[in-house]
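The values are calculated or read from the model by the stated rules, or taken from the named source; none is laboratory data. Source: prediction; values computed, not measured. Ideal geometry is used to build each Cβ from the backbone, glycine not excepted, and the neighbour counts take in all protein chains shown. SASA here: full protein model, heavy atoms, side chains in, ligands and nucleic acids out. Shrake-Rupley method; radii C 1.70, N 1.55, O 1.52, S 1.80 Å.
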Amino acid sequence: MNKAKIWLPALIVVAGLIYWFTQSNGPADSLRSRGMSLRQLDSGEIVSVEMKTDQFNDSDLETVSKIETLESLNASNSSITNEGLQHLQKLPKLEYLSLANTSVDDSAIPTLTELKSLETLVLDGCAVSPEALKALAGLPNLIELSVYDVSIPYKELLQLEDDLGENTDIFINAESVFGSPEEAKAVYEWDDQRMITIQLTEDSPADILSTVEQPQLIANLLVPVEVEADIDYQPATTFENLKEVKVGQEIDDDDFILLVGLDHLRYLTLENANITSDGLDRLPEDCVLESLEIISQSPLASGLKNFGRLGTVKLLRLSFPNAEQSAFDELSELHPDLESLSLIDSPITCEQVEFLEKLRKMSFVNLAGTNVTDECVDYLRKLRHITHIELRGSKVTPDIAATFAIGG
């Protein structure tokens, strides 16, 4: 047999191995020497590269483009340019690409639309416009587009979602849609359903709520004590999906009644309520609140009986340290469906907690900081329908309060 015929196949195999080795390890060695992070399979194939600092540039991208097995490339914060992205067209298996916080702009979009294997594209912080991003509809496998810190007004975001289709999810922060705190005078955050939490700041103007562009998206409103303006809460009546309000700044009777009466509100916390007996007398019977928490320094003489009107409230937390002790006699008229009651730092006494036996759905009572003493411990222990009573900080002996248990 001709020896040339025997050696020829072997030479072909050896040549193939040499080619594979130089193609696989050549770029890998080069990239590692530049400080990049790589992930290789047991077979030696490179499937992931990270070049996440500004020391990496278009030249490095050209080297990366020689790795035809590459599936994931993170080039965020690098110095690559629009022109350098041309090299990516040599990567037929690329599924994940991050160009976050690079100089990439609208001019790069046509190049990116040629990467047909892309499933996830991250353009956070890039100077791209919603008009240019529409062209990404040409990517048949695109599942996720991340555009955090890219300014896209809400209506244009909706249009972009329509253009990209239901198979592509767009990830973006609320501030990019509704403006930064400096622009909007408030902080916007939203959940997975894109329902918004709006938190006011010390610079929020009094009419801030009237400037909300998409009131139907507001689910939570936070007004910290630092807010200096006297906020007009009337626009909140148009927030049809508002579920929770927490106010740290001082509010008066009118604001209190307005907030309690909001049609869809479920949770209301007022940390500095300047509420009078007249205000409590105006409590509506048709509110839909499930949880109400009020901290007030008001010297109430009466009015607490009106909380008995709130049949939907299951959790009631009241702290009225400056109220007259006699005012708490009215708590006997609380609604029988109440499940949790907190009276922290309120001057209620042992005789005034005897109404608890009538509230058969009650499971939790907090009497911390109140005037209850050891005299009512035996009574409280008989309340078997209540699973927990907090007494620490009250006038009950500390050792007893710390170990108190129902039925003990």
Among the residues of region 294-313, count how many are over 18 Å from GLN352 (Cβ atoms) and surrounded by fewer than 18 Cβ atoms within 10 Å (Cβ to Cβ). 5
Quick check: anything in region 103-121 within 21 Å of ARG32 (Cβ to Cβ) and open to solvent by less than 60 Å² (accessible area, probe 1.4 Å)? no
Which numbered condition in (1) within 24 Å of ASN306 (Cα to Cα); (2) out of contact with any Asp or Glu (no Cβ under 8 Å at 6 or more places or on another chain); (3) part of a helix (DSSP H, G or I); (4) not charged (D, E, K, R) is the only one that GLN352 fails? (2)
Per the filter on region 213-227, residues aliphatic (A, V, I, L, M) and either part of a strand (DSSP E or B) or touching a Leu at 6+ places or on another chain (Cβ under 7 Å) (or both) are ILE218, ALA219, LEU221, LEU222, VAL223, VAL227
I need the full set of residues from region 189-210 which are touching a residue at least 12 places away in the same chain (Cβ under 8 Å) and of a type in the set (S, T, N, Q), in order please. THR197, GLN199, THR201, SER204, SER210
Can you pull out every residue in region 75-88 that is under 31 Å from the mean Cα position of the chain (by Cα) and either crowded, with 23+ Cβ neighbours inside 10 Å or touching a residue at least 40 places away in the same chain (Cβ under 8 Å) (or both)? ALA75, SER76, SER78
Check whether at least one residue in region 305-312 is among the aromatic types (Phe, Trp, Tyr), closer than 29 Å to GLN216 by Cβ, part of a helix (DSSP H, G or I) and out of contact with any Cys (no Cβ under 6 Å at 6 or more places or on another chain), and report yes or no. no
Elements of type strands (runs of 3 or more DSSP E) contained in region 33-125, each with 1 or more residues being over 24 Å from TYR148 (Cβ atoms) and among the β-branched types (Val, Ile, Thr): 46-50
Might you let me know whether region 260-267 holds any residue that is at pLDDT below 95, within 22 Å of the chain's Cα centre (by Cα) and either over 23 Å from GLU333 (Cβ atoms) or of a type outside the set (Phe, Trp, Tyr) (or both)? yes
Single residue of region 256-304 satisfying the filter (touching a Gly at 6+ places or on another chain (Cβ under 7 Å) and not in a loop (DSSP other than H, G, I, E, B)) that is farthest from PHE320 (Cα to Cα): ILE257
Conditions: (1) touching a Lys or Arg at 6+ places or on another chain (Cβ under 8 Å); (2) more than 30 Å from ARG282 (Cα to Cα); (3) open to solvent by less than 10 Å² (accessible area, probe 1.4 Å). LEU380 meets all but one. Number of the miss? (1)
Filtering region 118-170 down to residues that are within 22 Å of THR81 (Cβ to Cβ) and polar (S, T, N, Q), which residue is nearest to the chain's Cα centre (by Cα)? SER146
Residues of region 355-371 being in a loop (DSSP other than H, G, I, E, B) and more than 15 Å from PHE320 (Cα to Cα), which ones? LEU359, ARG360, LYS361, MET362, SER363
Please note which strands (runs of 3 or more DSSP E) are completely contained in region 164-212 and include at least 1 residues that are open to solvent by less than 30 Å² (accessible area, probe 1.4 Å) and β-branched (Val, Ile, Thr). 169-171, 196-200
Going by the conditions given, is ASP232 acidic (Asp, Glu), open to solvent by less than 50 Å² (accessible area, probe 1.4 Å) and touching a Ser or Thr at 6+ places or on another chain (Cβ under 8 Å)? no
